[in-house]
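Novice: Shown below is the structure under consideration.
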Amino acid sequence: MKTELKLDRNMRLIGISKLGHQTFFDTVPEVGGENSAPSPMEVMLQSLAACSSMDVLSILRKKRKQIDDFWVNLSAERAENHPKVFTKVHMIYNLKSSDAELKDLERAIELSHEKYCSVSAMFKAAGCIVTHESNIIK
C-alpha cells in the first residue's frame, strides 16, 4: 500500500491515495491551523468506525438483513502526556432495520472486533481499550 501526503496551506494537509482519493487534515488556529478539516486523531477515530462498520454492514447484508440507516457514535479518552495516544474508545453502533435483531448486530460487531477489523486490532495492539454497545431501531 502506498499513499502521499502534501501541504495545502498553513497546517492543512491533503492525503492522496493511489487512486487519487483525497483525505483532508487540519488543526486548531492556536497551532497554525484553520479548523477546515478533521485533525489526524479525529480521522483515526473515524477510520476505526469506518473499518468496523464496513465489516458489520457486510455481515448483516450476507444475513440478508434490511439496513434502513446505520451510524456509529464514538467517544475517546487520550493520555494526558505526549504523545497523547488514545487510551479508551467507546463505540455505539446504531442500526435502523425492520428485520434485524439485536443479536444479529451484536454478533456482527463481535466478528468485526475479534476477527476482521485491522484498525481495531491496531488500536488494541497499542494498548487502547475499545468497548462497544449496540442499538436497534425498528
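Novice: Looking only at the range 106-128, which residues are exposed (fewer than 12 other Cβ atoms within 10 Å of the Cβ) and aliphatic (A, V, I, L, M)?
Specialist: Passing the criteria: A125, A126.
Novice: Kindly evaluate N135 against the criterion of being under 25 Å from S39 (Cβ atoms) and polar (S, T, N, Q). Please lay out each step first, then the result.
Specialist: On the way: under 25 Å from S39 (Cβ atoms): no; polar (S, T, N, Q): yes.
Taking the combined requirement at face value, the residue does not satisfy it.
Novice: Now for a different question. Of the residues I16, I59, I67, which single one is at negative phi and either of a type in the set (D, E) or in contact (Cβ under 8 Å) with a residue 40 or more places away in the chain (or both)?
Specialist: Values: I16 fails: either of a type in the set (D, E) or in contact (Cβ under 8 Å) with a residue 40 or more places away in the chain (or both); I67 fails: either of a type in the set (D, E) or in contact (Cβ under 8 Å) with a residue 40 or more places away in the chain (or both).
Result of the check over I16, I59, I67: I59.
Novice: Could you list all residues from the range 76-105 that are buried (at least 16 other Cβ atoms within 10 Å of the Cβ) and not polar (S, T, N, Q)? Spell out the reasoning first.
Specialist: Narrowing the range 76-105 to residues buried (at least 16 other Cβ atoms within 10 Å of the Cβ): 76, 86, 89, 91, 93, 95, 97, 100, 104-105.
Scanning the range 76-105 gives A76, F86, V89, M91, Y93, L95, A100, D104, L105.
Novice: If we scan the range 28-50, do we find a residue that is touching a residue at least 60 places away in the same chain (Cβ under 8 Å) and β-branched (V, I, T)?
Specialist: no
Novice: Let me spell it out: the conditions are (1) surrounded by 12 or more Cβ atoms within 10 Å (Cβ to Cβ); (2) over 11 Å from the mean Cα position of the chain (by Cα), and N73 meets all of them except one. Which number is the exception?
Specialist: (2)
Novice: Hey, could you check the range 54-70 for residues that are within 22 Å of M44 (Cβ to Cβ) and among the aliphatic types (A, V, I, L, M) and say which is surrounded by the most Cβ atoms within 10 Å (Cβ to Cβ)?
Specialist: V56
Novice: Scan the range 96-119 and tell me whether some residue there is touching an Asp or Glu at 6+ places or on another chain (Cβ under 8 Å), small (G, A, S) and under 30 Å from I14 (Cα atoms).
Specialist: yes
FYI, it's all coordinate maths here, none of it is from the lab. From a predicted model like this one, the values you see are computed outputs, not experimental measurements. Quick reminder, even Gly has a Cβ in these numbers, built from the backbone with ideal geometry, and neighbours come from all protein chains shown.
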